[in-house]
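Heads up: the structure comes next, in structure tokens.
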Amino acid sequence: MVDADNGYTPTPVISHAILNYNHGRERGLADGIVITPSHNPPRFGGFKYDPPHGGPADTQVTEWIEQKANALIAAGLRGVARIPFERARSASTVRPYQYLDSYVNDLPSVIDLEVIRESKVRIGVDPLGGASVAYWDAIGDRHGLNLEVVNHVIDPTFRFMTVDWDGQIRMDPSSVYAMASLVGLKERFDVAFASDTDADRHGIVSHSHGLLNPNQYLSVAISYLFANRQQWSQAVAVGKTIVSSSMIDRVVKRLGRRLFEVPVGFKWFVEGLIDGSLGFGGEESSGATFLRRDGTVWTTDKDGLVPNLLAAEITARTGKDPGEHYQEMTAEFGTPYYTRIDAPATPEQKAKLAKLSPEAVATASLGGEPIRGKLTRAPGDGAPIGGLKVVIDNGWFAARPSGTENIYKIYAESFKDQGHLDAIVADAQEIVNDALKAVD
């Protein structure tokens, strides 16, 4: 089922289409493929498979695809049958599908577009040269929004992008470097936003605050949604990854909701989104989705469009943009200081880190505070986190190996100050190094 207008198709639109097609079916289920560099430099490609549940495939499936692909490459693509493009398009197995119409026309079921339209809130959008470019015009036109797409350029080299912190071109809506052009326009709009190339990541620029980092906006979105989705059951929980800000924990506690904390990876939210037990699933790398207004599933993959539109809904309904809401949040809960750093690690060290036990942490303190928890499994579902998380009253750190590079990543947060965060990071590196030496 290919786009009827030969247009680009965002990742969340595929998830939405799979779920709609499979609803009520037990046989002949749909699945999907997305080919995209995501937010990575344009020289990288990506092959993404979504099973019939509409979310990211699990590790077993992706490893099988990887092995098959590598075997075909190693064999010089022998066994890969090719046919001319036009014959493929006219084959009996290929049919057109109105992806854009299906998704855009269904948006009122998940976002209160009426309140956005009536408020005439000024919205700016930058698709960052990606697959959502036609969608934003359609959303603005069909739903009568005061919405301006500031960049319609499609260029496979993405030469229009401002470069990221390391000089690379990345279409990363969470990066202040990649988002510099849109941040520069914040005075023109009440709220502005962007998506990466396959539109599964969001980036929010508020008039008051500039670019919100992912943890900041996730906290605001959760606070707003669970106070303004009256049809959602009181039993519906909030999903977050283990390396997301504990500001979310504080918000969830105030809401009187259950927190569902899982390992890194959006696949851990799929089941809860499908059965409606999770109202929201979000991760620190700008990925999120949430239920329809009636409490049923919308998408099971990251959706960069609806969190962006939610920022407009928040601004329209409350008269305050997400940046102002976050400032109120810090006044209530304190200001978190958050960082992520990379440290070198051999493949052997990475394997050890992924299998650490809580007992491998010998010290009793972190950042000058007593350690309250040592986690190697996620509290929400008990799944291994592939690393270690250490928690204190006013902060935490988590360490996990990279899946692609010879490094491990340390995520850390303090609710005191930058000096306390620096102390947590220094202690974290020492704790991880000592634990790795002990596991031999």
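The values are calculated or read from the model by the stated rules, or taken from the named source; none is laboratory data. Just so you know, these numbers come straight off a predicted model, no measurement behind them. No Cβ is skipped: glycine too gets one built from the backbone with ideal geometry, and neighbour counts run over all protein chains shown. The area values use the complete protein model at the heavy-atom level, side chains included, leaving out ligands, DNA and RNA. Shrake-Rupley method; radii C 1.70, N 1.55, O 1.52, S 1.80 Å.
For (1) touching a residue at least 40 places away in the same chain (Cβ under 8 Å); (2) over 11 Å from the mean Cα position of the chain (by Cα); (3) part of a helix (DSSP H, G or I), each residue gets a yes or a no:
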position: 221; (1), (2), (3): yes, yes, yes
position: 230; (1), (2), (3): no, yes, no
position: 234; (1), (2), (3): no, yes, no
position: 251; (1), (2), (3): yes, yes, yes
position: 268; (1), (2), (3): yes, yes, yes
position: 273; (1), (2), (3): yes, yes, yes
position: 281; (1), (2), (3): yes, no, no
position: 285; (1), (2), (3): yes, no, no
position: 299; (1), (2), (3): yes, yes, no
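Taking the stated definitions as given, is residue 359 modelled with pLDDT under 95 and either outside any strand (DSSP E or B) or within 24 Å of residue 223 (Cα to Cα) (or both)?
Numbers: modelled with pLDDT under 95: yes; either outside any strand (DSSP E or B) or within 24 Å of residue 223 (Cα to Cα) (or both): yes.
The answer is yes for residue 359.
For the stretch 154-213, give me each residue that is assigned to a loop (DSSP other than H, G, I, E, B) and basic (Lys, Arg).
Within the stretch 154-213, the subset assigned to a loop (DSSP other than H, G, I, E, B) is 154-179, 184-185, 189-190, 196-201, 207-209, 212-213.
Those that are assigned to a loop (DSSP other than H, G, I, E, B) and basic (Lys, Arg): 159, 170, 201.
Can you confirm whether residue 299 is open to solvent by less than 10 Å² (accessible area, probe 1.4 Å) and modelled with pLDDT of 95 or more?
Working: open to solvent by less than 10 Å² (accessible area, probe 1.4 Å): yes; modelled with pLDDT of 95 or more: yes.
When the stated conditions are applied, residue 299 passes them.
Find all pairs meeting these conditions: Cβ atoms under 6 angstrom apart; at least six residues apart or on different chains; first residue within the stretch 77-97 and touching a residue at least 60 places away in the same chain (Cβ under 8 Å); second residue open to solvent by 80 Å² or more (accessible area, probe 1.4 Å).
Listed pairs, sorted by first residue: 95/1; 97/1.
Residue-wise test of (1) open to solvent by 40 Å² or more (accessible area, probe 1.4 Å); (2) modelled with pLDDT under 95; (3) aliphatic (A, V, I, L, M); (4) out of contact with any Ser or Thr (no Cβ under 6 Å at 6 or more places or on another chain).
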{"site": "39", "(1), (2), (3), (4)": "no, yes, no, yes"}
{"site": "59", "(1), (2), (3), (4)": "yes, yes, no, yes"}
{"site": "71", "(1), (2), (3), (4)": "yes, no, yes, yes"}
{"site": "76", "(1), (2), (3), (4)": "yes, no, no, yes"}
{"site": "89", "(1), (2), (3), (4)": "yes, yes, no, yes"}
{"site": "135", "(1), (2), (3), (4)": "no, no, no, yes"}
{"site": "138", "(1), (2), (3), (4)": "no, no, yes, yes"}
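Here is a yes/no grid of residues against (1) open to solvent by less than 10 Å² (accessible area, probe 1.4 Å); (2) small (Gly, Ala, Ser); (3) touching an Asp or Glu at 6+ places or on another chain (Cβ under 9 Å):
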| position | (1), (2), (3) |
| --- | --- |
| 281 | yes, yes, no |
| 306 | yes, no, no |
| 314 | yes, no, yes |
| 326 | no, no, no |
| 334 | no, yes, no |
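Say whether the condition of being within 19 Å of residue 16 (Cβ to Cβ), of a type in the set (A, V, I, L, M), touching a His at 6+ places or on another chain (Cβ under 9 Å) and open to solvent by 10 Å² or more (accessible area, probe 1.4 Å) is met by at least one residue in the stretch 112-133.
Checked against the condition, which is being within 19 Å of residue 16 (Cβ to Cβ), of a type in the set (A, V, I, L, M), touching a His at 6+ places or on another chain (Cβ under 9 Å) and open to solvent by 10 Å² or more (accessible area, probe 1.4 Å), the stretch 112-133 yields at least one hit.
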